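A short write-up of the structure that comes next.
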Amino acid sequence: MYTVRQVVVPFSGEGAGMADLTWGQVSFWQGMADGGRSLTMGGATPVPPGVTVQRIADDLGYLVGRHQALRTRLSMTDDPFRPKQVCSTDGEVVLEVVDVTDEDPAVVADTLRISYEERKFDYEHEWPVRMAVIVTGGVVTHMVAVYLHLAIDASALEVLAADLAARDLAAAPDPITAMQPLEQAAQQRTAAARRASDLSLRHLERVLRTVSPTRFGPPKYGGDMAFRVLRYHSPATEAAIQVVATREGTNTSSVLLACFAVGLARFTGSNPVLAMLLVSNRFRPGFAATVSPVVQMSPYMIDVADATLSEAVNRATASVFNTYKTAYYDPFLQDEVMDRVNAERGVDVDWSCFYNDRRMSDRGTRSGPLPTPEEIRAALPRSRYEWEYEPDIPRRTLYVNVGEAEGAIEFVMSADTRYFSEQDMVDVLRGMEMVAVEAALDPSTPTGVTESVATPA
């Protein structure tokens, strides 16, 4: 049993005004406006001993006041896809305190997290953060924080954590030098930003005009549109990509992209492989430490036919460079390019395959001895998978997230069950794992893809 009370937390900060959404915000807002769901991120975590409700309330007020994105709401316009962002200098945000008596506080925290994620945000009146603490016997045990994706992306969450860890209660905080949302909205109107957008859209158009329009063919299975989510835990993939990245002189992101492309081409028979990559623009000036979403989609296309796995990795390394540098653009102009090319080709190009490497750690090779072939083979039986419920999972034909945990790569795949059965989903991820292992053990292994252009039946 538990009771809930609310603590009202005041905040104040510098910078206020109304502006267009940033391009990163638009990318998330389009999905929310179209799907009718709030996209969020966050979680429920244990709290170290000695942390009090008052300390968490103070930290919440500090973060919301310090970062514009956390004190920004929307002002709706006649076009539901083009709201304005409105940043306030001060206000009040609510911290919920959940007093638990005879229930597991971890279960209560996770239940509350799900509730926060599933309940749609009131974009015009609610601040983009929901936070709660779980208290048992007067002791804080867990904290729940869920943020609207219009305010942050995964890297911004890391910036918030670092900002809080560096907070000195006895000294004034260092000024924020990263570009906050209002400044980003102004920067997007400059000639330099428009040139970057034009470059990105030209790349998109070239891909749309050259790729085979069908990715997965017609639905293979009956029923209405539905989605399943599979988490695949692969120690063998983590070990194998270290070996491949070191040998090829590249990073593990490129190796994983090659494994994804080869594995998917082997399964579907469709090549070149086209996927929309989620790319962080934090390498751009002023964006590295911004608390705001700066992730945008960019097309990644790679031909893995008639090549060895070593060659596929090198092709992936070369191909992804264009994808990264052409991921900063006006999303409304992107829609116009897609509509125009589809009309001129007389067919809708299928871009419903998405890939997102959301690992937070360094993606370079690691120091120390590399895994041996025996260790890689021995890791294969330790793979495991489970089906999950994730209310915020994107509704796409195929969506692959890459993460890591406990010395393993964790693939989280969502798929439309009209195109991929549960066994298909397992087979696709297991196939990607096997590509990594094969590439580590014998780089001369052929990809097994023999057609430069193929469309599934």
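The values are calculated or read from the model by the stated rules, or taken from the named source; none is laboratory data. If you're wondering where the values come from, they're calculated on a predicted model, not measured in any experiment. Here the Cβ positions follow ideal geometry from the backbone for every residue, glycine too, while neighbour counts run over all protein chains shown. For accessibility, only protein heavy atoms count, side chains too; no ligands or nucleic acids. Shrake-Rupley method; radii C 1.70, N 1.55, O 1.52, S 1.80 Å.
Checking every residue in segment 15-34 against the condition of being open to solvent by 40 Å² or more (accessible area, probe 1.4 Å), in a strand (DSSP E or B), out of contact with any helix residue (DSSP H, G or I) (no Cβ under 8 Å at 6 or more places or on another chain) and among the hydrophobic types (A, V, I, L, M, F, W, C) gives at least one match. Among the residues here, residue 203 does not qualify as assigned to a loop (DSSP other than H, G, I, E, B) and out of contact with any strand residue (DSSP E or B) (no Cβ under 6 Å at 6 or more places or on another chain). Hey, any hits in segment 200-209 for a residue that's at pLDDT 95 or above and under 20 Å from residue 428 (Cβ atoms)? Checked segment 200-209: no residue is at pLDDT 95 or above and under 20 Å from residue 428 (Cβ atoms). For segment 95-107, how many residues are part of a strand (DSSP E or B) and either in contact with a Pro (Cβ under 6 Å, 6 or more places away or on another chain) or open to solvent by 80 Å² or more (accessible area, probe 1.4 Å) (or both)? Number satisfying all stated conditions: 0. Here segment 50-81 is the region considered, the condition is being closer than 17 Å to residue 138 by Cβ, without any contact (Cβ under 8 Å) to a residue 24 or more places away in the chain and not polar (S, T, N, Q), and the residue that is least open to solvent (accessible area, probe 1.4 Å) is 50.
The set of residues from segment 322-364 being closer than 26 Å to residue 81 by Cα, part of a helix (DSSP H, G or I) and open to solvent by less than 70 Å² (accessible area, probe 1.4 Å) comprises 323, 331, 332, 333, 334, 335, 337, 338, 341, 342.
Could you tell me whether any residue of segment 387-402 is surrounded by fewer than 19 Cβ atoms within 10 Å (Cβ to Cβ), at pLDDT below 95 and assigned to a strand (DSSP E or B)? Checked segment 387-402: at least one residue is surrounded by fewer than 19 Cβ atoms within 10 Å (Cβ to Cβ), at pLDDT below 95 and assigned to a strand (DSSP E or B).
Only one entry in 92, 117 is open to solvent by 40 Å² or more (accessible area, probe 1.4 Å) and under 24 Å from residue 291 (Cβ atoms), namely 92.
For beta carbons closer than 8 Å, sequence separation of 6+ or different chains, a first residue in segment 9-22 that is on the phi < 0 side of the Ramachandran plot and a second that is open to solvent by 20 Å² or more (accessible area, probe 1.4 Å) and in a loop (DSSP other than H, G, I, E, B), the qualifying pairs are 12/89; 13/89; 14/89; 16/88; 16/89; 20/82; 21/82. Picking from residues in segment 435-448 that are closer than 18 Å to residue 273 by Cα and either outside any loop (DSSP other than H, G, I, E, B) or in contact with a strand residue (DSSP E or B) (Cβ under 6 Å, 6 or more places away or on another chain) (or both), the one that is most open to solvent (accessible area, probe 1.4 Å) is 446. Might you check whether a residue that is surrounded by 23 or more Cβ atoms within 10 Å (Cβ to Cβ) and modelled with pLDDT of 95 or more occurs anywhere in segment 266-276? So far as segment 266-276 goes, no, none of its residues is surrounded by 23 or more Cβ atoms within 10 Å (Cβ to Cβ) and modelled with pLDDT of 95 or more. Only one entry in 292, 298, 253, 319 is in a helix (DSSP H, G or I) and more than 23 Å from residue 236 (Cβ to Cβ), namely 319. All told, residue 111 falls short of being open to solvent by 50 Å² or more (accessible area, probe 1.4 Å), hydroxyl-bearing (Ser, Thr, Tyr) and either in contact (Cβ under 8 Å) with a residue 24 or more places away in the chain or in contact with an Asp or Glu (Cβ under 7 Å, 6 or more places away or on another chain) (or both). For segment 210-230, filtering for residues that are under 30 Å from residue 407 (Cα atoms), out of contact with any Lys or Arg (no Cβ under 9 Å at 6 or more places or on another chain) and open to solvent by 40 Å² or more (accessible area, probe 1.4 Å) leaves 1. Name the single residue, out of those in segment 231-253 being among the polar types (S, T, N, Q) and surrounded by 24 or more Cβ atoms within 10 Å (Cβ to Cβ), that is nearest to residue 373 (Cα to Cα). Among those that are among the polar types (S, T, N, Q) and surrounded by 24 or more Cβ atoms within 10 Å (Cβ to Cβ), it is 237.
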